[in-house]
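Written below as structure tokens is the structure these notes are about.
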């Protein structure tokens, strides 16, 4: 039995999220949440909310015990890229890529 939470098109680059996901992969839910809350990264806010959502899904939809949950899987995939233009000297224009992420967190119950 597993509980999943997905955040689609988060306005943060996938490589920034991957750093924090590597910290919590395989850890208990409580430890993962504490780690995310005390990590000074931009992705921490998104991941804290996502972890709480996955735990709520586990508790309410699958009747799992929150104290026995651990982060079984967590991964990030690139989402749609917003292309913007920055004016430069002599009438040129440089492309700016504003990247987005699809973040997935899967919680499972310990045996």
Query - Among residues of segment 73-111, those that are touching a residue at least 12 places away in the same chain (Cβ under 8 Å) and within 29 Å of residue 24 (Cα to Cα), counted - result: 24
**Report entry** Filtered residues of segment 3-16 (kept if out of contact with any helix residue (DSSP H, G or I) (no Cβ under 7 Å at 6 or more places or on another chain), buried (at least 16 other Cβ atoms within 10 Å of the Cβ) and not in a helix (DSSP H, G or I))
**Finding:** 13
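Yes/no matrix, rows are residues, columns are (1) modelled with pLDDT under 95; (2) in contact with a helix residue (DSSP H, G or I) (Cβ under 7 Å, 6 or more places away or on another chain):
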| residue | (1), (2) |
| --- | --- |
| 34 | no, no |
| 47 | no, yes |
| 67 | yes, no |
| 81 | no, no |
Query raised in the report: Limited to segment 39-61, what total is found for residues that are farther than 30 Å from residue 82 by Cα and loosely packed, with under 13 Cβ neighbours inside 10 Å?
Result: 2
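Do you know which residues across segment 17-42 are in a helix (DSSP H, G or I) and either touching a strand residue (DSSP E or B) at 6+ places or on another chain (Cβ under 8 Å) or touching a residue at least 60 places away in the same chain (Cβ under 8 Å) (or both)? Full working, then the answer.
Taking segment 17-42 and keeping what is in a helix (DSSP H, G or I), we get 17-24, 29-37.
Selection gives 17, 18, 21, 24, 29, 32.
The values are calculated or read from the model by the stated rules, or taken from the named source; none is laboratory data. Predicted model, so just to flag it, every value in this text is computed and none were measured. All Cβ positions, even for glycine, are placed from backbone atoms using ideal geometry, and neighbour counts span all protein chains on display.
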